[in-house]
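Only one structure is covered here, and it is reproduced in the block below.
The values are calculated or read from the model by the stated rules, or taken from the named source; none is laboratory data. Values in this document were obtained by computation on a predicted structure and should not be read as measured data. A quick note on method: Cβ atoms are made from the backbone with ideal geometry, for glycine too, and the neighbour counts reach across all protein chains shown.
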Amino acid sequence: MARPDVTISAPDPLFVGRELAIEFNITAHKETKVEFIEARLVGDQGWAVGSGKSQVTMRLLYPKFTEQLMAQGVLPAATTTRFVAKFTLPPGTPPTHEVGPAWSRMRLYVHISIPWALDGRHRYDFAVRIPAPPVERLPVAMRSTSEPGKPRIELGLASSRLIVGEELVGTCAVFHLDDAEPREVALAFVPELTLLRRSRPRERRGEQIAGTMTIPAGSAGTSVPFRIRLPLGMTPTFEAPTHTLRWWLIARTGSFFGGRVDVAVPLEVFDRVAASMTPKLEAAPRLGDERIATLFAEFAAGNGWSGAEPGSADFAIEKDLRGSDLRIGYAYRGEHGAFLVASVHTRSLGLGLSVAPASSLRHMFWKDVEVDIAVWDRAHHVKARYPDQAIPFLKGVVPALMTSSHLGTMVRWGDSDLVFERKVAGVSAEDLGIVAAELEVVALTIASCLPSIAAPPSIVADLPSWHALAGKLGGTLALGDLGITGVLDGMPVDLGLAWLAERPASVHVAVGAPDLGSDLVKAVVISLPRPASDVLAANAAERLVELITRWPSDVVDLRVEHGVASASLLLPGGDPPVADATRVRELVEQLCAVLGALDPGAGPYR
C-alpha cells in the first residue's frame, strides 16, 4: 500500500519569538484510513567532549511542540488535504549551528498512523535565527599591557557590537617592536563556548576565522587602519540552557624569540537582520597617544583618582566623592578635534530634570524653569517635572556652575549626570588639576543641595516611614521620586515612583541582579500584567502559583528576566494619591519570595 505524500510550506529561516505557520499538504493515492496525523517540532541542542568512557555529554530537546493535525478518519483518494500548525520558538532557543563540540538543530517530524500498514514518517530540517534590534554601537580600545617600555600591541574597534556579514573597522598599533621591516599581524575571530551542565561549566574554543594585516615599515607607535569582513555564516552571540557562545577578536604578532604580543577584545555579534536598521561602521578609536595616557595615569596616581571604566573617551580617570562619581576623559573626534570631557554622575535626583542650550524655538513652545539669574536663564532652557520642587536645588547649584569656566560648555544636565566639554589642542598636568578642582566643587555643591529637594507635591507620603524603609534596605531615600537603592537579604533592590503623563502612577520595584542566582533562574522569563489572576493560566510551578495568587490586585506587571524580578504597586485613587511605604516593603519581600521559589538551590535567593 502506497503511503500518502507530504509536502510542507514554511518560512525559512525560523525566527525566535515570532509566530510561524507551517502548511502541510497530504495527498493519498487511494482512500486511506488513518488513526491520527501528528506534527512535532523539536529543537535538539547540546555538546559532547572527550571520547569513549571518558566522554561527557549534555543534550536537551528544547523546545518541543506537538500538534495533532487530524484525528481518526479517512484521507480521500487523489485529493490533497491541507493542514496548518502554528508555533512560536521561545527565548532560550539557540540559532542553528555546529560550533566546536556544540550543536543546535531544529527538526519537524510528521507521523501518519495507518492501521495494519506501515506508518508514514517524514522529517524536515529548519534553520533557526535570533532576531536582532538596531544595534547600539560601542567603540572600544584595548592594549596587551600597560607596563611602560614593554613590547605591546593595541587594538581599536569602531564597535565591539557587530553584525554578521558586515565589515569590521579597526586600527592597530605596535610599540617597542622592531619596525625596520613590514610586520604581519594575525587577526582571528575566535568563538568561545561555555558548556553548561549540573557540574562546573566547561570552556572550549571553536574553529577560528583567521585573517591578517600588515604594519608598514617605520610605523611603530602609529595607528594603522584595517577592515575585515565577518562571514555570512558566522553564528551570532547567544545564551541557551546547554551552552553559550561569545566571540573574541585576537590580534597577535612577533615570535617567541622576537617579542611576541597579543591582545583580545570581547565581541558581541548580532544576526544580519539588524544590518538594515543600524548605521554602518565608519571610524575606529585613535590609538598610540601614549603621552596622554601616561599624563592621565600620573595625575590619577598623585591626586587620589583612578582609572575609569571603559567609556566614550580614549583615556579617562575617575573619583568617588560624597556619593558622586567624577570622571575626566580625553576624547579624540577626528576632524572635529580633541576634547576634555568632565562629568559628575549621581543617583537620580528624581526631578525629571533636562537642561539644554536656550533657543527662541524652545522658549516659544516649551515652558522654561527659571532660577532668577538672568545670564543663566537667557543661556539655558530648563525643564523639570515640578518647577517648585526643582527651583531650590537649581538655585543652590547654578552659581557654582557659572564660576567653573575651565570645565567648558555644559552639554548635558539631567537627573543623574552633568557633562561638560572643552575643545583642547593638548592637555597638561596643570589643565587636569584645574578641571579636577572645579569638578570637585560642583560635585560637593550638588551633594550639599540635595536636602533642598522635597517630595513630589502630587503625592502624600509618610516620610518617616519611607526613611525607615531606606534604612531597612541599607540605602538613602531620594525624595525627588522616593527612590531607594539598597539590599535585602543579600539581594539588590531598586525602587521609586513611576510616572504617567508627568503624574505619579505607581511605585516600581526591582529585586535581584543578572550576576546572582543559578543558571536556572537566569533562564526563566515571566511576564504577568495582572499577576494574581494571570498566574493561574501561565503554566507556572505550583509553589509560584501559591505565592502570587495571594497578591493584591493593585500589584501589576510582574516580570522575571535575567535573574531580576520586578513589579509595580499602583497608587490608589485620590488627589493626591498616597504612597504607602509599608505596601512597598511588602512588594519587595514578595519579589524576593518569587526569586526564592524559582531557585531550587541554596544560592542567594534562598
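Return the residue satisfying two criteria in turn: it lies in the range 504-551 and is basic (K, R) and surrounded by fewer than 15 Cβ atoms within 10 Å (Cβ to Cβ), and of such residues it is nearest to D481 (Cα to Cα).
Only one residue fits best here, namely R530.
In the range 122-177, what residues are under 30 Å from L108 (Cα atoms) and touching an Asp or Glu at 6+ places or on another chain (Cβ under 8 Å)?
F126, A127, R129, I130, P131, A132, I163, V164 - these are the residues of the range 122-177 that are under 30 Å from L108 (Cα atoms) and touching an Asp or Glu at 6+ places or on another chain (Cβ under 8 Å).
Say we look at the range 339-349 and pick out the residues that are over 25 Å from R378 (Cα atoms) and either of a type in the set (F, W, Y) or surrounded by 21 or more Cβ atoms within 10 Å (Cβ to Cβ) (or both); which of these is modelled with the lowest pLDDT?
F339
If you go through the range 473-493 one residue at a time, do you hit one that is surrounded by fewer than 17 Cβ atoms within 10 Å (Cβ to Cβ), part of a strand (DSSP E or B) and of a type in the set (S, T, Y)?
No - not one qualifying residue is present in the range 473-493.
Out of all the residues in the range 507-514, is one or more free of Cβ contacts under 8 Å to residues at least 24 places away in the same chain and within 29 Å of the chain's Cα centre (by Cα)?
No, the conditions are met nowhere in the range 507-514.
Just checking: which of the strands (runs of 3 or more DSSP E) contained wholly in the range 139-225 hold 1 or more residues that are touching a residue at least 60 places away in the same chain (Cβ under 8 Å), within 19 Å of I250 (Cα to Cα) and out of contact with any Gly (no Cβ under 8 Å at 6 or more places or on another chain)?
140-143, 152-157, 161-163, 167-175, 183-195
Go through the range 174-192 and give me each residue that's more than 22 Å from L245 (Cβ to Cβ), crowded, with 17+ Cβ neighbours inside 10 Å and under 37 Å from the mean Cα position of the chain (by Cα).
Correct list: V174, F175, V185.
Report yes if some residue within the range 429-452 is at pLDDT 90 or above, over 34 Å from the mean Cα position of the chain (by Cα), closer than 30 Å to V578 by Cα and small (G, A, S); otherwise report no.
yes
Are any residues in the range 66-99 loosely packed, with under 13 Cβ neighbours inside 10 Å and closer than 30 Å to Q208 by Cβ, and if so, which ones?
Correct list: E98 only.
Mind listing just one residue for me: the one in the range 222-250 that is of a type outside the set (D, E, K, R) and loosely packed, with under 15 Cβ neighbours inside 10 Å and, of those, farthest from the chain's Cα centre (by Cα)?
Only one residue tops the list, namely P225.
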